[in-house]
Every structure is written in C-alpha cells, then in structure tokens.
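Notes follow the structure.
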Amino acid sequence: MLQNIRDKAQGWIAWAIVILISIPFALWGIQSYLGGGAEQVVAKVNGDEISERALDQRFHRFREQLRARLGEAYRPEMFDDKRMRHEVLKQMVSEDVVLQTSHDMGLRVGEQLIGQAIMQIDAFQKDGRFDQARFDQYARMQGMSSAGFEQRIRQSILTEQLSQAVQTSAFVTDREMQEALRLQNQTRDLAYFIVNPDDFPSTETISEADIKAYYDQHQEEFRVPEKVKLEYVLLNAELAGKTVKVDDAALRGFYENHQENYGQPEERKASHILIRVDADADQAAVEAAKKKITALRERIEQGEDFAEVAKEYSEDPGSAEAGGDLGYFGKGIMDPAFEKTAFSLKEGEVSQPVRSSFGFHLIKVTGIKPSSVKSFEEARSDVERDYRKAEGEKLYFEMAEKLADLSYEDPGSLTPAASALNLKIETSDWISRDQATGILASPKVLAAAFSDDVLQERNNSELIELDKDQSIVLRVVDFKQSSIQPLSQVSEAITEILKKQHATEQARAEAEKRLASLKEGKDIVEVADQYNVKHFVSLARKNMTVPPSLLTEVFQLPHPSEGKPISGMIQLAGGGFAVYNLNKVKEADPASIKAAVKERVKSNLRQRLGQMQYDNLVTDLESRADITYYKAEDREEQPQ
C-alpha cells in the first residue's frame, strides 16, 4: 500500500498530504499526535520536573533491592506500596535539591572519573577486566541507554562530593569523647534466673468449643498462601555452549591455543633456608639479615650439608626440622620472587640470596617434574567441554537479548523463543512466595511470578538476570488462590497453641510471684529455688551469653542504691520469663582504655555526627527550595 501511495501521489496532491500531516506534528509533537500526550509530572524542585515515569522506574528498582536484601524474609503484605512510593519520591526530591546545590557550588565530575567508577563495578567484570557487552546489557535491563547509565553515575558521584565535604568536616570534642567512652565501657553486675513454660506441661483437656473459638478469632493464622505453577526457560553460558556446532578443525585450533590446560605443568621440589626480615624493616636490619644469609651460603659452598644448615639456622618453623624441604610445587604457589628463582635453577643448584616478603632465602632445587601435555585425541572430550564453555560465554549475551525479544514479541507462550534458541522449557512444582527452591527461590523470580502482568495477564515475564551469566524468562501456567484451611485440618495445631498459651500464663504467674519475693528483699538464690541462677560481674554491653532483650533492659535501668538492687522481670523471645536483680553499675575509667579503642570510638562518633550534619543540611536546603507535589497523596503528607 505504501508503495502505491508513493507511485501515484504526485504533484500538488502529494504536497497537500505532507502539509496536512506536518501541521499537527509541528504544533503538538509526535507524542501528542499519537495520543501519548506530555509526561505526567509528580513533583517540581526549583522548576526541575520529576516525571511519573522516572518515579515508577526508581520505585521498581527500590522494590527489587528490598526483595534482594530481605531474601526469604520479604513479604509484600508487610509494606504499604503507597507509603513506600511517597518515601521514594521524597528521596528523589532530596537528591534533586542536593544536585542543584552542588552545581551552584561549582562541583563537577570529569569523564575520566565516571569511566573509572563504571569499570570498577563487579557486575561489568569478566575474567577480572571490564566487559563492554555486560555493561551494555545491564543498561538495557535497567531500561536505559549507556549514556543514561553514565548520567546516573555522574549524579551519584556529584551528590557524594557534597556529602563527603560535609561529613569529613565533622569533629568530636573531648567531652563528647569521654562521655561516649564512659557509656560504652560501663559494666553492670547482674543475677537472673528463667522460668520456662516447658516447666508447666498442660494436663488440661482442650474443649472443641475453645478450639472453634480460637479458629474463628485467628483465621488468618491458618491461611494457605497463593501458589503458582510456572513454565520457564533458563539460559546460561553452559546451555548456550550446547547450541554451538563443533568440528575437529575448531577443536584443534582451541587445543593449540590452550595446550597448557591439558597436561601436567612443570613442578619443582626445593629446600630453603630463611632469615626473616620484615618488608618494612629499616636498612640496618636488612643489611644484617643479608650478611647472615650470605655467610650461610659460603658455608654450603665450602661443603657443609644444605639440610643440616637449614635445621640449625633457618627461621622457617614449618620446614627447618625437615632440612628446609618444601616438597613439590607448581607455579602460582610461592612468593613471586621465590618462585622465579626456583624455576630458573638446575637440579642440585643453590641460589644466591633471594629477598621475598618474608626475608632472605637460599633455595636449593632437589627435584624437577617436567611438564607433559596430552595429545589432542587423549584430551578431546575435555577440549570440547572447554570450547563449548568459552563459546557459550561469548554467545550468552547475544542469546539473552534474543530470548528477551522473542518472549516479548509472543507474550502468550515460551515455545517460539525456546524453539528458536534450542532451549528447553522447564515446569515447576507449586510454589508460593515463601516456598520455593533453587533458582525459583530468587527474590527476582518470585517478584516476577506474582506480578500483575505475569500472574493476572498471563504474559511472559521480562528477562530476569539471576547473575552475571544466567537469566530466565517465566510464565504462570496455573494458579491457586490464597485460602483458609478448614478447621478439621488445623484442630491439632490449635490444641497445641492453646496448651502452650496456658503453660505460658502459668510461667508468668510463677515468675511474678518470685519477683514479689525479690522485691521484699529476699536473696535471689533462695527465691529461685530449683531454677538455676546466673551471676554476672562486670557485665559488658556487648555480652553474647545474656538474652538480648534482658541485656537491653538491664542497661536502660538507673543506678541502684547501695545495697539495694533493682529487681524486675521480662519475657524473652523464646517465651520464658527472666527474673533479675541489677546489683551494681560500674563506670569505666577512660584513662585505662587502649588508644586503639579510643581512636575507633572517635571515628565512629565522627561518622555519626557527620551524617547528622549532612542530614540537617539537606533538611535546610529543602526548606528553602521551591518544591511542589502534584499528586494528592503526596501533598497530604507535606507540612504546610
């Protein structure tokens, strides 16, 4: 049709069509002409707009990071999306304020610094070097161009410049330092015992009425989570390698270039004599050690046995008793200077003094195992395996991009993508958000599986990058709604819950009775009776043996009066009740604290103070900025 229009639309008719199409493009732009309209703005900061699309992207990244950080502990229902979205927007506003301030102050970020930052990111490394393909793919996965990702890095570094300028200017006064040392090193004398619910086994019969009442009041405790069954296509370098066609010519070429991988490398057996000297020793110490090792070499040259000299004078405790024998070793094991010399000597030859990071050595080579290489025929299976792996790593990114495109183009099935790339479609068992194994337990996979687009619309997921050389595309093939288990299935569990509740109440009553005796001034050992009393003298804040909740409570109490302890009770995480006496508080003497500890405390204080000062600066900048929120839910939470 387009060809016919081009052939027949000539002269003034063609020009009329062009003018009619051009006018709306010129007046309103292509987005308006296609019905897209202008991007929705959610906030303005001194005239700079934050678009809804930018907020959506940032919120998506935030949720992904939250899932990754919490792992199996992540529960979507724990978080209010509306509230979190607003917090993300506030963070974007703060960053925009800081960026504008940084620009106004003349702070800039050079291209070289951006390049260095990107090249140091682990996700873009391959074999210890920056890999452009990984960088490009990651940027695409984030929905950005390479230039867009570089701009994000630029803004991050620029923001960090102002942050570091403020935080590194913080200082700690002597009074603040002394108070921190006093509190952190304060100790307390404590005695306590624990009354456990297990000490009160329930003999009471739980009635059907009680079970039914508990079930009716706590039905959410017996909810079975929603579950899905998935189809998925997994792609990694190994699977990509299996699609590679191989022939003898290619394998032989790979073998010729990697022969060192298909045999036994040369090994050397050596003995040594070590005279230790630190790497940062002064010149006098170095000269003394060198003089000593040189004298020992002269004695060996004059006929003394190397092994006997090593036994008597070597300062290497691991080998001296064996006459300095180190056994056989290959390259890449020893100190570089030691290794270079050992592999340059003939068998039986003794080296000149060799300086390593440990000191000076005399090295004697006592055996040589020459290298050997398997023939191509002997190594063929290993060569093919390595060839496929190497080619698979090259193919992986290309195939990952095709998998993403193909699964997007036909969102209702994985078959076209799997067939085109010669990959297998796998099927999972039923999984829930907190019950999955292997790669399906990845927070990224679970997030995609239960997303609206995949779960409700039944579309293929986007390509999910599991790690730097493994990715997956999935779809939901079956779904079970969340449901409440019937009473008949949970009756026994409820019975155990009610018995445990009864035992806990009995333990609480017993602990309260004994606490009352403590407060009357009775001795804690007498009050505890059959319960084991634990005594702590000079208990520190970082003690790992006292239950954490008890430790926290004890260090929040005021100083007890002389001879009159503070008595109390607290329920522990395990359900038991700790009954305690705080007998004494001991203040630390700052003069007795080591200099290294003081310096660490001072550094921590400076960091906290610097962060507080930076936070105050941002708050002040925001108060003086012209900030407008354009959505009702965002405006509602702003101070008027």
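Could you identify the single residue in GLY323, GLY359, GLY330 that is surrounded by 14 or more Cβ atoms within 10 Å (Cβ to Cβ), more than 21 Å from GLN264 (Cα to Cα) and touching a residue at least 60 places away in the same chain (Cβ under 8 Å)?
Exactly one residue qualifies, and that residue is GLY359.
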- Message: Take the residues in segment 311-320 that are in a helix (DSSP H, G or I) and either surrounded by 14 or more Cβ atoms within 10 Å (Cβ to Cβ) or among the aromatic types (Phe, Trp, Tyr) (or both); name whichever of them is nearest to the chain's Cα centre (by Cα).
- Response: ALA320
- So is ASP189 assigned to a helix (DSSP H, G or I) and more than 36 Å from the chain's Cα centre (by Cα) or not? no
- On the given criteria, is VAL354 surrounded by 15 or more Cβ atoms within 10 Å (Cβ to Cβ), in contact with a Lys or Arg (Cβ under 8 Å, 6 or more places away or on another chain), among the hydrophobic types (A, V, I, L, M, F, W, C) and farther than 27 Å from ASN261 by Cβ? no
- Task: List the helices (runs of 4 or more DSSP H) that sit entirely inside segment 226-305 and contain at least 1 residues that are polar (S, T, N, Q), free of Cβ contacts under 8 Å to residues at least 40 places away in the same chain and over 30 Å from SER413 (Cβ atoms).
- Result: 248-257, 283-301
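Rundown of residues vs (1) in contact (Cβ under 8 Å) with a residue 60 or more places away in the chain; (2) in a loop (DSSP other than H, G, I, E, B); (3) closer than 30 Å to ILE50 by Cα, yes/no style:
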{"position": "LYS542", "(1), (2), (3)": "no, yes, no"}
{"position": "LEU550", "(1), (2), (3)": "yes, no, no"}
{"position": "GLN556", "(1), (2), (3)": "no, yes, no"}
{"position": "GLY575", "(1), (2), (3)": "yes, yes, no"}
{"position": "ASN583", "(1), (2), (3)": "yes, no, no"}
{"position": "ASN604", "(1), (2), (3)": "no, no, no"}
{"position": "ARG608", "(1), (2), (3)": "no, no, no"}
{"position": "TYR614", "(1), (2), (3)": "yes, no, yes"}
{"position": "ASP620", "(1), (2), (3)": "no, no, yes"}
- Message: When the residues of segment 23-78 are narrowed to those that are of a type in the set (Asp, Glu), more than 20 Å from the chain's Cα centre (by Cα) and under 28 Å from ASP96 (Cα atoms), which ends up modelled with the lowest pLDDT?
- Response: GLU39
- Hey, SER567 in contact with a Lys or Arg (Cβ under 9 Å, 6 or more places away or on another chain), over 30 Å from VAL41 (Cα atoms) and among the hydroxyl-bearing types (Ser, Thr, Tyr) or not: yes
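Which is touching a residue at least 12 places away in the same chain (Cβ under 8 Å), surrounded by 12 or more Cβ atoms within 10 Å (Cβ to Cβ) and hydrophobic (A, V, I, L, M, F, W, C), of LEU107, LEU183? Give the derivation first.
Values: LEU183 fails: touching a residue at least 12 places away in the same chain (Cβ under 8 Å).
When all the criteria are applied, what remains is LEU107.
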- What are the residues in segment 157-177 that are in contact (Cβ under 8 Å) with a residue 40 or more places away in the chain, of a type in the set (S, T, N, Q) and either loosely packed, with under 13 Cβ neighbours inside 10 Å or closer than 30 Å to PHE397 by Cβ (or both), if any? THR168, SER169
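Name the one entry in ARG154, ARG140 that is modelled with pLDDT under 75 and either assigned to a helix (DSSP H, G or I) or surrounded by 14 or more Cβ atoms within 10 Å (Cβ to Cβ) (or both).
Only one candidate passes the filter, namely ARG140.
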- Item | segment 372-419 - residue that is touching a strand residue (DSSP E or B) at 6+ places or on another chain (Cβ under 6 Å) and assigned to a loop (DSSP other than H, G, I, E, B) and, of those, surrounded by the fewest Cβ atoms within 10 Å (Cβ to Cβ) | LYS374
- Only residues that are charged (D, E, K, R) and under 12 Å from GLN155 (Cβ atoms): list them for segment 86-107, please. GLU95, ASP96
- Inside segment 431-487, can you point out the residues that are free of Cβ contacts under 8 Å to residues at least 12 places away in the same chain and crowded, with 21+ Cβ neighbours inside 10 Å? ALA436
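The values are calculated or read from the model by the stated rules, or taken from the named source; none is laboratory data. Computed from a predicted structure; not experimentally measured. Virtual Cβ from ideal backbone geometry, glycine too; neighbours counted across all protein chains shown.
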